[in-house]
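Working notes, structure below.
The values are calculated or read from the model by the stated rules, or taken from the named source; none is laboratory data. What you see is a predicted model; the values in this text were computed from it and never measured. Neighbour counts are summed over all protein chains in view; Cβ atoms, including those assigned to glycine, are modelled from backbone coordinates with ideal geometry.
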Amino acid sequence: MGDALSLQPNLVTTLLNTLTAIDQRLSRIETTLRLNGPNIPNHGAEGRRKPTTDRASKKCGCLFKFEVIETMKGSDVWILHYPNEEHKVHNHAPSDQTSDPRARKLPPYMLMEVDQWLREGWLVSKIQEELKNRNFHNVLNTDLYNRKRLLRKEDNNSMSQLLE
């Protein structure tokens, strides 16, 4: 059963899609797991129809896929099933975990300092440079812009509550 998870330790972070279908007659749950590999654009792929008809991983073309099927409703016993032999192997190396949003999360003390800089009107590029000087290399500018927007929204809400 642990066969699929041992193939790639960071499978959870490279999950593209979890499809759950409930078979009403047998009252069992079936889940299919597919990968999201490196960010290779897939738009305009030859022979591509609708996204719902894609059966392989969208971004890296990896055919690795397995299904986990519940044996009985509410059971703790599941069956691991590979659709065929080509779905047992990966065609790529493990993905870089620093690209995962959870890896880009700043510690609370640093987040408070970044919030202060944003409220003081620092440029995002200057904040990124300061973070890199402090060994936080994986924070994206979109993360900082999103934080800036959230702070502005919180400030507007607190101001409107004071005016009421």
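Pick from the stretch 71-128 the residues that are charged (D, E, K, R) and exposed (fewer than 12 other Cβ atoms within 10 Å of the Cβ): which of them is nearest to R152 (Cα to Cα)? Working first, answer last.
Filtering the stretch 71-128 for residues charged (D, E, K, R) gives 73, 76, 85-86, 88, 96, 100, 102, 104-105, 113, 115, 119-120, 126.
From what is left, the residues that are exposed (fewer than 12 other Cβ atoms within 10 Å of the Cβ) are 73, 76, 85, 102, 120, 126.
Details: K73: 48, D76: 47, E85: 52, R102: 23, E120: 12, K126: 19 Å.
My answer is E120.
If the condition is being surrounded by 15 or more Cβ atoms within 10 Å (Cβ to Cβ) and basic (K, R), then the stretch 135-155 contributes R147, K148.
Quick check on L131: is it closer than 24 Å to D100 by Cβ and more than 21 Å from the chain's Cα centre (by Cα)?
Details: closer than 24 Å to D100 by Cβ: yes; more than 21 Å from the chain's Cα centre (by Cα): yes.
Answer is yes for this residue.
When V139 is tested against (1) in a loop (DSSP other than H, G, I, E, B); (2) modelled with pLDDT under 75, just one condition goes unmet, and that condition is (2). Close Cβ contacts (under 6 Å, 6 or more residues apart or on different chains) running from residues in the stretch 90-101 that are over 14 Å from L63 (Cα atoms) to residues that are of a type in the set (A, V, I, L, M) comprise Q97/A103. In summary, E130 fulfils each of the numbered conditions (1) over 26 Å from C62 (Cα atoms); (2) touching a Cys at 6+ places or on another chain (Cβ under 8 Å) with the single exception of condition (2).
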